Amino acid sequence: MNETIGLILLIVGVSFDVIGCIGLVRLPDIYNRLQAATKCVTLGTCMILLSVLFYTGFNPIAIKALLCIWFVLMTSPTGAHAIARAAHRSGIRLWEKSVMDKYADDREGSEDKA
Amino acid sequence: MKRFVHFLLLLGIWLLLTWSLHWQEVLVGVVVALIADLLLGDIFPLNAVKILSPVRFFWFLVYTVTFFFYVIKANFDVAYRVLNINLPIKPGIVKVRTKLNTEMARTFLANSITLTPGTLSVDIVGDHIYVHWINISTDDPKQETEIIVERFEKLLERVFE
């Protein structure tokens, strides 16, 4: 029974990872790509790690997997945040069909004052 | 005191990772935790410990459940947008305001925003968070704040403030 749950979680997790990768290819600019990459890959990886817990039972490996879930959940959005900020600061534009960019507006305003 | 709590936390994580109480493992753990504590103890937020009170912990559990609900929703949202042949996106960066003051609460808020449907936090300046939104549905800053921030803000206020 536990093995079945583990396998199902593994399959769902890998499918979300694949969708995240398709998003990396299909979406237009770095910010949209980061969205797909962070969301899907975080949940996909967490599900794969959780499937380890169900598949092997409660033992040292499963505890490591649980700790890794916590680390992935804390670090992956922070990493995305850092990449997005760095990209914007180094002047990478949003996709040309983007609707608005308040961040660029505000930063240009502050540079004018300075 | 602050450094000691930090040290115990690090040692605990180490023991969980190695899962053995052999004296060699513990000794290495103590050394590593000491080094990490000396290097990074300054940035450890001590007020995070106050989450251990029962009421706050209850709200933290509520927050966790809400969070996972939105994370799963976000994944289906991304799947829908990516697999749709027309690529239904309308991206842009909007500016929302947060009422949270402590750094810990803001970190959690920014991370939550990143993992919830269609949004990615880019930067925090003062009280404002700049959020990249994949499908902008409104022009009004108030409504933006309502949609993006408020579903977590109230819970996080109860947990960390």
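Look through region B:17-35, keep the residues that are assigned to a helix (DSSP H, G or I) and open to solvent by less than 60 Å² (accessible area, probe 1.4 Å), and return whichever of them is farthest from the other protein chains (Cβ to nearest Cβ).
Among those that are assigned to a helix (DSSP H, G or I) and open to solvent by less than 60 Å² (accessible area, probe 1.4 Å), it is B:30.
Would you call residue B:135 open to solvent by 30 Å² or more (accessible area, probe 1.4 Å), polar (S, T, N, Q), more than 11 Å from chain A (Cβ to nearest Cβ) and touching a residue at least 40 places away in the same chain (Cβ under 8 Å)?
No; evaluated as a whole, the condition is false for this residue.
How about region A:17-36: which of its residues are closer than 14 Å to residue B:76 by Cβ and open to solvent by less than 10 Å² (accessible area, probe 1.4 Å)?
Residues satisfying the conditions are A:20, A:23, A:35, A:36.
Could you name every one of the strands (runs of 3 or more DSSP E) located completely within region B:54-161 that has at least 1 residues being within 15 Å of the chain's Cα centre (by Cα)?
Because the criterion is at least 1 residues that are within 15 Å of the chain's Cα centre (by Cα), the strands (runs of 3 or more DSSP E) in region B:54-161 that meet it are B:119-125, B:128-133.
Of the residues in region B:69-78, how many are open to solvent by 40 Å² or more (accessible area, probe 1.4 Å) and within 8 Å of chain A (Cβ to nearest Cβ)?
Within region B:69-78, residues that are open to solvent by 40 Å² or more (accessible area, probe 1.4 Å) and within 8 Å of chain A (Cβ to nearest Cβ) number 1.
Which condition does residue A:58 not pass, out of (1) modelled with pLDDT of 85 or more; (2) farther than 26 Å from residue B:75 by Cβ, if it passes all the others?
(1)
Please verify whether region B:42-59 includes one or more residues that are open to solvent by less than 30 Å² (accessible area, probe 1.4 Å), at pLDDT 80 or above and not polar (S, T, N, Q).
no
For region A:52-110, give me the residue count where each residue is within 7 Å of another protein chain (Cβ to nearest Cβ), open to solvent by less than 50 Å² (accessible area, probe 1.4 Å), within 25 Å of residue B:70 (Cα to Cα) and of a type in the set (Ser, Thr, Tyr).
Residues in region A:52-110 being within 7 Å of another protein chain (Cβ to nearest Cβ), open to solvent by less than 50 Å² (accessible area, probe 1.4 Å), within 25 Å of residue B:70 (Cα to Cα) and of a type in the set (Ser, Thr, Tyr): 1 in total.
Working only within region B:103-161, note down all residues that are among the aromatic types (Phe, Trp, Tyr) and within 22 Å of residue B:73 (Cβ to Cβ).
Within region B:103-161, B:108, B:133, B:152 meet the criteria.
Please pick out the residue among A:48, A:92, A:19 that is out of contact with any His (no Cβ under 9 Å at 6 or more places or on another chain) and touching a residue at least 60 places away in the same chain (Cβ under 8 Å).
Every option except A:92 fails the conditions.
Would you check which residues across region B:95-125 are within 11 Å of chain A (Cβ to nearest Cβ) and open to solvent by 50 Å² or more (accessible area, probe 1.4 Å) and list them?
B:95, B:107, B:124, B:125
Inside region B:79-91, can you point out the residues that are touching a residue at least 12 places away in the same chain (Cβ under 8 Å), within 7 Å of another protein chain (Cβ to nearest Cβ) and closer than 17 Å to residue B:116 by Cβ?
Hits for region B:79-91 are B:89, B:91.
The values are calculated or read from the model by the stated rules, or taken from the named source; none is laboratory data. As the structure is a computational prediction, the values presented were derived from the model and not from experiment. Neighbour counts run over all protein chains shown; Cβ positions are idealised from the backbone, glycine included. Remember, those area values only see protein heavy atoms, side chains included, never the ligands or the DNA or RNA. Shrake-Rupley method; radii C 1.70, N 1.55, O 1.52, S 1.80 Å.
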